[in-house]
Amino acid sequence: MAASQDWTGALIVLAAGKGSRMNSELPKVLHPLASAPMLAHALRAGDSLAPERIVVVTGHGAEQVEAVLAGLDEDAATVRQTEQLGTAHAVAQARPALKGFTGDAVVLYGDTPFISPETLATMQAARQNGADLVVLGFHAANPGRYGRLITTGSALDKIVEAKDATEAELAVTLCNSGVVMADAPTLFSLIDAVGNDNAAEEYYLTDIAEIARSRGLSAEVVTCDEAETLGINTRAELALAETAFQARARAAALEDGVTLADPATTYFALDTVIGRDAEIGPAVVFGPGVTVESGAKIRAFSHLEGCHVAKGAIIGPYARLRPGAEIQEQAHVGNFVEIKNAVLEEGAKANHLTYIGDAHVGRKTNIGAGTITCNYDGVFKHKTTIGANAFIGSNTMLVAPVSVGDHAMTGSGSVITKDIPAEALAVARTPQDNKPGLAKRLMDKLRAAKARKTDK
Ligand code: UD1
Ligand code: MG
C-alpha cells in the first residue's frame, strides 16, 4: 500500500530515553545501524508519509542528538524532555512545536528502526476510514514486557502495560508496538487526561486508548510483522538489528537486478543506491552516501563511502573510495588505490597503488602505479588538477597545489612541484649516472672483507 496524497500529518519521534542497557556514553538513538544513527531509520520510515512537520523529543544526550539531527537531511524540530516521566509526558513536550497544527500526529520511537512504509500507509488508511485513534500492534512470539492490546474484534478497548496486567491480560499475545496515529488536537487532548497512577508511576501513552473509548471515540488496531517492531535496548539487539537490516538490503538489491557474488559478505548502508546490472564482488562494504550506477563493477574487497560511481566504471579489487570520490563513466580504479574528494573523468585510469586526494583528473588520463597527490602540508589541503589525456609516470609525487596540462607527461619517479604546461614532459628527478665496472669492484671488495673476517 502506498502512502495517501491527501493526508496532512506530523511525526513525533520519541528519543529522550537513556538506553541504560546499551552501557554506553553515546545516546542510544545515535548508535549506528547500517552506517546511520538508529534515529535516522525511524525518520526515514516516517518520511514515507511525507509529513509536514517532524518533531524529535530529546532528553538524555540532547545536545549530541540535536547536533546529529542537524547534520541529517531532515527538516526536524527538536524539543527537550528534561525529566523522563513516561511516553505520554514525552509526547506532550511536542505540543508547543505543533501549536495550531490540525493534521494527524504519528508517534514513532527512535529506538524502533524497522517500521515499514507499507505499515504506516495501512495505519493512515485506517484513519482515513474513520478510526479516531489507530494503534500499531503485532503478535509477539514472546510477549514478555510489551503492553497488551485488549480488543473486541478489531476495536481496541485498552492497552495494559505488562507490569499492571492481570493473569488473563498477560495471556494476550497481541502487543503494543508504541506507534500511534490520531489527529494532533485529539492526541494532545487525550494526553491531558493521562495520569501516573500505575506500577511505574509514569505517564503512559498507552492510557489514551481507554480514555478515547470512554469519550466515545473509536480506536482500532493495525497489525504488522513482529520483525518490524524490533526495539533496540542492548548491544546484542543492535547486532541482531544490523544482521536483519543487511539480510533485507541484500534481498532487495538482488530483487532490483544487482548481481552480488557473495551476498552474505556485501554490507549496505541505509542510503546505499545501486543501479540495475551493477556487479558487486565478494566482501564489499558500502558506507554512507554511496551511489553506484547501472552496469558498474565493484570488485572484491573494496570499501566505498560518500562517493558516486558512474555507468561502466570498474572499481577494485581492493580499492578504497572515500567521501567526495566522483568516478565517471568507464573510469577504472584498481587495486590498492585510494581516492578522496576527487573527480576521475570519463575513461581515466588509476589502476595500481595510488593516492588521489583533492584532485581533478581529466578524461582518459592515465595515472601510473605508485602516484601520490601530496595534498597536505601538515596544516592546509591543496588541490591537484590534471588535464585530459595526460600520462602520469609511475611513482610521481604531485606536490599540490599543482596542475598538469592536457596531453602532458611526467617521467616516472618525478617529484612535481611546478605546473606542467599542456603537451610538455616534466622530469624532476636526479639524472642517472652509470659508473662502469663499479658494481663488480664494490662486491669483490665486500666479499674479500667478509672472507678476512671469517678466517680469524
Ligand atoms: C512502551 C509501551 C509498551 C510497548 C513498548 C514497545 C508505554 C507506556 N509502553 O514500553 O506498551 O509494548 O513500548 O516497545 O508507552 N521515552 C521518552 N521519554 C520518556 C519515556 C520514554 O522519550 O519519558 C522514549 C524512549 O526513549 C523510547 C520510547 O519512548 O524510545 C519507549 O520508551 P520505553 O521506556 O522503552 O517504553 P517501554 O517500557 O518499552
Ligand atoms: Mg522499550
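Pull up the range 47-59, narrow it to residues that are small (G, A, S) and in contact with a Gly (Cβ under 9 Å, 6 or more places away or on another chain), then point me to the one that is most open to solvent (accessible area, probe 1.4 Å). Looking at residues that are small (G, A, S) and in contact with a Gly (Cβ under 9 Å, 6 or more places away or on another chain), I get A50.
Within the range 432-456, being of a type in the set (D, E) and under 30 Å from T373 (Cβ atoms) holds for one residue alone: D433. Do we find that F336 is without any contact (Cβ under 8 Å) to a residue 12 or more places away in the chain, surrounded by fewer than 19 Cβ atoms within 10 Å (Cβ to Cβ) and either under 27 Å from E305 (Cα atoms) or of a type in the set (S, T, N, Q) (or both) in this structure? Judged against the criteria, F336 is not a match. Within the range 315-332, the residues that satisfy the criterion of being in contact with a strand residue (DSSP E or B) (Cβ under 7 Å, 6 or more places away or on another chain) and surrounded by fewer than 21 Cβ atoms within 10 Å (Cβ to Cβ) are P317, Y318, R322, P323, G324, E326, Q328.
Every condition in (1) open to solvent by 80 Å² or more (accessible area, probe 1.4 Å); (2) in contact with an Asp or Glu (Cβ under 6 Å, 6 or more places away or on another chain); (3) closer than 17 Å to E338 by Cα is met by N375 except one, and the failing one is (1). Listed by position, the strands (runs of 3 or more DSSP E) enclosed by the range 60-153 that each have at least 1 residues that are within 12 Å of ligand 1 (Cβ to nearest atom) and open to solvent by 40 Å² or more (accessible area, probe 1.4 Å) are 76-80, 104-109.
Would you check if there is a residue in the range 33-44 being part of a loop (DSSP other than H, G, I, E, B), in the same structural domain as L133 (by TED's automatic domain parsing) and either among the aliphatic types (A, V, I, L, M) or open to solvent by 10 Å² or more (accessible area, probe 1.4 Å) (or both)?
So in the range 33-44, the residues part of a loop (DSSP other than H, G, I, E, B) come out as 34-35.
Subset that is in the same structural domain as L133 (by TED's automatic domain parsing): 34-35.
Remaining after also requiring either among the aliphatic types (A, V, I, L, M) or open to solvent by 10 Å² or more (accessible area, probe 1.4 Å) (or both): 34-35.
The answer is yes; a qualifying residue exists.
Within the range 401-431, being under 16 Å from G370 (Cα atoms) and open to solvent by less than 20 Å² (accessible area, probe 1.4 Å) holds for T410, G411, S414, I416. Within the range 343-360, being of a type in the set (A, V, I, L, M, F, W, C) and surrounded by fewer than 22 Cβ atoms within 10 Å (Cβ to Cβ) holds for V343, L353.
Considering only the range 424-443, state which residues are closer than 30 Å to V404 by Cβ and of a type in the set (A, V, I, L, M, F, W, C).
Result: A424, L425, A426, V427, A428.
Scanning the range 84-110 for residues that are touching a residue at least 12 places away in the same chain (Cβ under 8 Å) and among the charged types (D, E, K, R), which turns out nearest to A16 (Cα to Cα)? The qualifying residue nearest to A16 (Cα to Cα) is R95.
Residues of the range 159-199 that are of a type in the set (D, E, K, R) and either at positive phi or within 16 Å of ligand 2 (Cβ to nearest atom) (or both): E161, K163, D164. Taken across the range 112-120, residues that are on the phi > 0 side of the Ramachandran plot, in contact with a Ser or Thr (Cβ under 8 Å, 6 or more places away or on another chain) and in the same structural domain as A76 (by TED's automatic domain parsing) do not occur at all.
Restricted to the range 181-296, the set of helices (runs of 4 or more DSSP H) holding at least 1 residues that are open to solvent by 50 Å² or more (accessible area, probe 1.4 Å) and small (G, A, S) comprises 208-214, 235-255. Pairing residues of the range 138-153 that are closer than 18 Å to T112 by Cα and in contact (Cβ under 8 Å) with a residue 24 or more places away in the chain with residues that are open to solvent by 70 Å² or more (accessible area, probe 1.4 Å) and among the aromatic types (F, W, Y), at Cβ distances under 8 Å and at least 6 apart in sequence or on separate chains, gives A140/Y146. State whether the residues of the range 153-171 include one that is modelled with pLDDT under 95 and hydroxyl-bearing (S, T, Y). Yes.
Yes or no, residue by residue, for (1) in contact (Cβ under 8 Å) with a residue 12 or more places away in the chain; (2) within 14 Å of ligand 1 (Cβ to nearest atom); (3) in contact with a helix residue (DSSP H, G or I) (Cβ under 6 Å, 6 or more places away or on another chain); (4) among the small types (G, A, S):
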{"position": "A3", "(1), (2), (3), (4)": "yes, no, yes, yes"}
{"position": "G9", "(1), (2), (3), (4)": "yes, no, no, yes"}
{"position": "V13", "(1), (2), (3), (4)": "yes, yes, yes, no"}
{"position": "R21", "(1), (2), (3), (4)": "yes, yes, no, no"}
{"position": "H31", "(1), (2), (3), (4)": "yes, yes, yes, no"}
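Just a yes or no: is a residue in the range 13-23 open to solvent by 60 Å² or more (accessible area, probe 1.4 Å), farther than 21 Å from A209 by Cα, in a helix (DSSP H, G or I) and basic (K, R)? Looking through the range 13-23, at least one residue is open to solvent by 60 Å² or more (accessible area, probe 1.4 Å), farther than 21 Å from A209 by Cα, in a helix (DSSP H, G or I) and basic (K, R).
Going by the structure shown, is R452 without any contact (Cβ under 8 Å) to a residue 12 or more places away in the chain and either within 30 Å of A319 (Cβ to Cβ) or of a type outside the set (V, I, T) (or both)? The answer is yes for R452.
The values are calculated or read from the model by the stated rules, or taken from the named source; none is laboratory data. What you see is a predicted model; the values in this text were computed from it and never measured. Here Cβ is always computed from backbone atoms with ideal geometry, including for glycine, and neighbour counts include all displayed protein chains. Heavy atoms of the whole protein, side chains included, go into the accessibility calculation; ligands, DNA and RNA do not. Shrake-Rupley method; radii C 1.70, N 1.55, O 1.52, S 1.80 Å.
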